[in-house]
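Asker: The structure that follows is given in the form of structure tokens.
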């Protein structure tokens, strides 16, 4: 399912790019007003759905600044993958971004941007385990309060494609670095503890092992941050 969505996103991006090749003009466009945005993919973000809204303000013909805020919990969103038994899901995030408008002769505004983001994800997990310490000792629990704090900095390339008057699509992709800090609190242990070389505590239920390991490793971890996104926008003129 995830691969299908990514392929559809890439196909949509290629289609928009091809259309713009036919509509290119000689002079590079400049922003005519601020943008109100809503992220299309975040409400169906598999394990961490949330609603994300943003505002982008032009400073001059070359620079813009933006702020995004997102929030989700189990009462207003739904998850598409039941990776672990859980309840009390809650997530909020903030992203700030500075845009440099590229001097390209296209109908739409193209840009490079630098984004700095913060995310806090809390959830109570049941009947599972996590990996603790440098030896990745597996600690099984009946219940545990999980918290993930993530900070990221990402370099992005994107464009604003007008679909109708004042309404359009902001398409972007990017690469950067993120730091994730997983912690487990209020643990009710099941009495099982084993080293990483032993069989998994939860082998039979680990259907989505790749995703689960992302949450099961306690502590701080640095990794690659990849983005591909679509935002609907309304432009104030």
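The values are calculated or read from the model by the stated rules, or taken from the named source; none is laboratory data. Everything numeric here is computed off the predicted structure, so don't read it as measured data. Backbone-built Cβ (ideal geometry, glycine too); neighbour counts: all protein chains shown.
Asker: Name the residue that is modelled with the highest pLDDT, counting only residues in the stretch 189-234 that are within 16 Å of residue 139 (Cα to Cα) and in a strand (DSSP E or B).
Answerer: Taking the candidates together, the pick is 219.
Asker: Output yes when any residue across the stretch 156-164 is in contact with a helix residue (DSSP H, G or I) (Cβ under 9 Å, 6 or more places away or on another chain) and closer than 21 Å to residue 67 by Cβ, and no when none is. Quick ask: steps written out before the conclusion?
Answerer: Looking only at the stretch 156-164, we keep the residues that are in contact with a helix residue (DSSP H, G or I) (Cβ under 9 Å, 6 or more places away or on another chain), and these are 159, 161.
Next, only the ones that are closer than 21 Å to residue 67 by Cβ stay: 159.
Checked the stretch 156-164: at least one residue is in contact with a helix residue (DSSP H, G or I) (Cβ under 9 Å, 6 or more places away or on another chain) and closer than 21 Å to residue 67 by Cβ.
Asker: So which residues in the stretch 120-140 are surrounded by fewer than 20 Cβ atoms within 10 Å (Cβ to Cβ) and closer than 26 Å to residue 77 by Cβ, if there are any at all?
Answerer: 120, 122, 124, 126, 127
Asker: Only one residue in 51, 71 is in contact with a helix residue (DSSP H, G or I) (Cβ under 8 Å, 6 or more places away or on another chain), within 23 Å of residue 122 (Cα to Cα) and modelled with pLDDT of 95 or more, so which one is that?
Answerer: Values: 71 fails: in contact with a helix residue (DSSP H, G or I) (Cβ under 8 Å, 6 or more places away or on another chain).
From the options 51, 71, the qualifying one is 51.
Asker: In addition: Please determine, by comparing only the residues of the stretch 163-172 that are assigned to a strand (DSSP E or B) and touching a residue at least 60 places away in the same chain (Cβ under 8 Å), which one is surrounded by the most Cβ atoms within 10 Å (Cβ to Cβ). Before the answer, list the steps.
Answerer: Step one: filter the stretch 163-172 for residues assigned to a strand (DSSP E or B), giving 163-164, 167-172.
Checking the rest, the ones that are also touching a residue at least 60 places away in the same chain (Cβ under 8 Å) come to 167-171.
On the way: 167: 11, 168: 21, 169: 19, 170: 24, 171: 20.
The extreme case among them is 170.
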